[in-house]
Amino acid sequence: DGGITQSPKYLFRKEGQNVTLSCEQNLNHDAMYWYRQDPGQGLRLIYYSQIVNDFQKGDIAEGYSVSREKKESFPLTVTSAQKNPTAFYLCASSIGWTGELFFGEGSRLTVL
Amino acid sequence: ELKVEQNPLFLSMQEGKNYTIYCNYSTTSDRLYWYRQDPGKSLESLFVLLSNGAVKQEGRLMASLDTKARLSTLHITAAVHDLSATYFCAVDGSNSGYALNFGKGTSLLVTP
């Protein structure tokens, strides 16, 4: 079955550590996205990529980094520079550069 | 900057009642999306509205789009407990590679 796989589902991190969240899709979608969700909030865009080896900052990119070396993969690194990283992170993809997003199951990061 | 506003943000309604959730957005867009999120879960696509006057229905939910008024509505008919969830509207954001901009969500609780 086609879909988007995020891992890990739950992650605990000590302050000052970098962590990388994995996102893999087998939908053959061109565009991929990372959103962050805080309790009671909507989704805020962190980074997006419309094509391999290219990505753009979203509204809240500070303290995060990404790579897009393969069409199927768009990992997100939460660096120690991110001041408040505890959140629910959602990866999504779309067929083209616009349009309906399909979401993974999410990764919940807690900083201890 | 594209703004997407939903109201109400919280809604408690009795089973069998009807209600409407509103989604206003601040810039021109012909595409609007509705998603559902259950607690602790990811987002599930409900409706894709691609033109002015578009109306889509699925079960007890009906969504419509008025691009001139920059308004979409999600109408709930004869609510049942299974509809309890958070509902998000999202609009293409031309200022961010057409990544979707989300409202804060409407948290719906349907009670007996």
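Laboratory data are not the source of any read-out in this text; all were calculated from the coordinates shown. Predicted model, so just to flag it, every value in this text is computed and none were measured. Neighbour counts are summed over all protein chains in view; Cβ atoms, including those assigned to glycine, are modelled from backbone coordinates with ideal geometry.
Just a few scattered comments:
- When you restrict to C-alpha pairs under 8 Å that are six or more residues apart and normalise by the size of the stretch A:10-112, the relative contact order lands at 35 percent.
- For chain A, the orientation-averaged shadow of the C-alpha convex hull comes to 6.5 nm² (one quarter of the hull surface).
- 3J(HN,Hα) along the stretch A:56-61, derived from phi through the Karplus expression 6.51 cos²θ - 1.76 cosθ + 1.60 where θ = phi - 60°, amounts to 10, 6, x, 6, 9, 6 Hz, with x in place of Gly and Pro.
- Virtual spin-label span in nm between A:Leu112 and A:Ile60, 7 Å along Cα→Cβ: 2.4 nm
- Going from the fewest other Cβ atoms within 10 Å to the most, the residues A:Glu72, A:Glu15 appear in the order A:Glu15, A:Glu72.
- Taking the fewest neighbouring Cβ atoms within 10 Å as the starting point, the ordered list for B:Phe10, B:Phe88, A:Phe102 is B:Phe10, A:Phe102, B:Phe88.
- Sorted fewest first by neighbouring Cβ atoms within 10 angstrom, B:Ser29, A:Ser107, A:Ser67 come out as A:Ser67, B:Ser29, A:Ser107.
- Pair-distance distribution P(r) for chain B, from all Cα-Cα distances in 5 Å bins starting at 0: 2, 13, 24, 25, 19, 10, 4, 2, 0 percent.
- The simple spin-label model puts a point 7 Å past each Cα toward its Cβ; for A:Asn26 and A:Tyr10 those points are separated by 2.6 nm.
- P(r), alpha carbons of the protein assembly as shown - 5 Å bins starting at zero, rounded %: 1, 7, 15, 18, 18, 16, 12, 7, 3, 1, 0
- For the stretch B:1-46 versus the stretch A:45-94, the gap between their alpha-carbon centres in whole angstrom: 25 Å
- Base-10 log of normalised Debye intensity for the stretch B:24-89 (one unit scatterer per alpha-carbon) at q = 0.14, 0.21, 0.23 Å⁻¹: -0.42, -0.86, -0.98
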